[in-house]
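Working notes for the structure below.
The values are calculated or read from the model by the stated rules, or taken from the named source; none is laboratory data. What you see is a predicted model, and the numbers here were worked out from it, not measured in a lab. Cβ placement follows ideal geometry from the backbone for every residue including glycine, while neighbour counts extend to all protein chains displayed. Please note that ligands, DNA and RNA were not included when accessible areas were found on the heavy atoms of the full protein model with its side chains. Shrake-Rupley method; radii C 1.70, N 1.55, O 1.52, S 1.80 Å.
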Number of protein chains: 2
Amino acid sequence: MNYSIGQFSTITNISSPTLRYYEKEQILVTNRDAIGRRFYTEEDITWILFIKKLKDTGMSIKDIREYAILRYQGDSTMQQRLEILEKHKVFVMEEKAKWERNLQNLDDKIEIYKSRLNLH
Amino acid sequence: MNYSIGQFSTITNISSPTLRYYEKEQILVTNRDAIGRRFYTEEDITWILFIKKLKDTGMSIKDIREYAILRYQGDSTMQQRLEILEKHKVFVMEEKAKWERNLQNLDDKIEIYKSRLNLH
DNA sequence: TCTTGACTTAAAGTTAACTTTAAGAGTTAC
DNA sequence: GTAACTCTTAAAGTTAACTTTAAGTCAAGA
């Protein structure tokens, strides 16, 4: 089954201009019909949902492009893609640690405030 | 002891244009000498370092401004400031949880890749 | 005195990741 | 057949949080 850009936009919950933007950024390679209109496949759905996850984990469009170009080159680039993901994992681990520290800092500040308010 | 904007910039590791920008955004109220040049006090150092922490925890300039305006109003606004911090804490907790999920997702993906590569 | 350095301002530029606009083409519903 | 709809493109606009530029003032050192 193929989907028009409008349908694909609805399914993936990504706006059409954003899908066109991703295409321009080489993140998404899009099929065209005889008169030049875009259409998308089931495989494109799987792919764009994975892109969404990469974005959620804070990966930049630039890095996602690097990953995407490798993916479109096929299975031979799997090792390289794994390396990108493992490198990105370090970043995600650091973010997790950062937010743990942030929460601790903020909690400390809140406790100081609370004890000061109780003195009144 | 008072500090010129250049000295204050060095001490706090915040560029002079950024300090002027914070002033324009009402985050920092700055003293001026007789001929209109900015100067900063020890208290300003404490304050700007706290602003830095709020920024690290992902608080927007807009929300920091709200907090700052209350702070400059004095101790009577302490309860309101505490409320801002507690509301922000919810955000920080969500961010922490988000990055925990992200790490789990990414780890799962990496495991899938690894097992596929081992089949070769 | 002259130049160097630090300061002043307002305004324009930067970056990422879109979003909106403008102008037009082809398809479908009545 | 014509109006409405969905698509096409290129280019301009948006937002946050600065950063850079341009043009000028003022004080201190050689």
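Think of it as helices only: each DSSP H run of n ≥ 4 in the protein assembly as shown is worth -39500 (n - 2.57), and spread over all residues that comes to -23500 deg cm²/dmol at 222 nm.
Solvent exposure of chain B, expressed per residue, is 60 Å² of accessible area, with all protein chains present and a 1.4 angstrom probe.
Sorted shortest first, the separations between the A:Val29 label point and its copies elsewhere in the assembly read 6.1 nm; each point sits 7 Å from Cα along the Cα-to-Cβ line. Residue of chain A with the Cβ closest to the rotation axis carrying A onto B, and that distance rounded to whole Å: A:Trp99, 3.
FRET efficiency for the pair B:Glu42 and A:Val90, taken as 1/(1 + (r/R0)^6) with r the Cβ-Cβ distance and R0 = 30 Å, rounds to 0.20. Spin-label model, A:Ile112 to A:Ser15: label points 7 Å out along the Cα-to-beta-carbon direction sit 4.1 nm apart. Between this copy and the others, label points of A:Asp56 are 2.8 nm apart in ascending order, each placed 7 angstrom from Cα in the Cβ direction. Only protein atoms count toward the accessible area here, which uses a 1.4 Å probe; on the range B:3-118, the carbon and sulfur part of that area reaches 50 percent. The B and A chains share an interface that buries close to 3300 Å² of accessible area, total over both sides, probe 1.4 Å.
Enter the angle in degrees (range 0 to 90, nearest 10) between the Cα long axis of helix A:42-56 and the first principal axis of the Cα atoms of chain A, meaning the one along which they spread out most. So the helix axis and the longest Cα principal axis differ by about 20 degrees.
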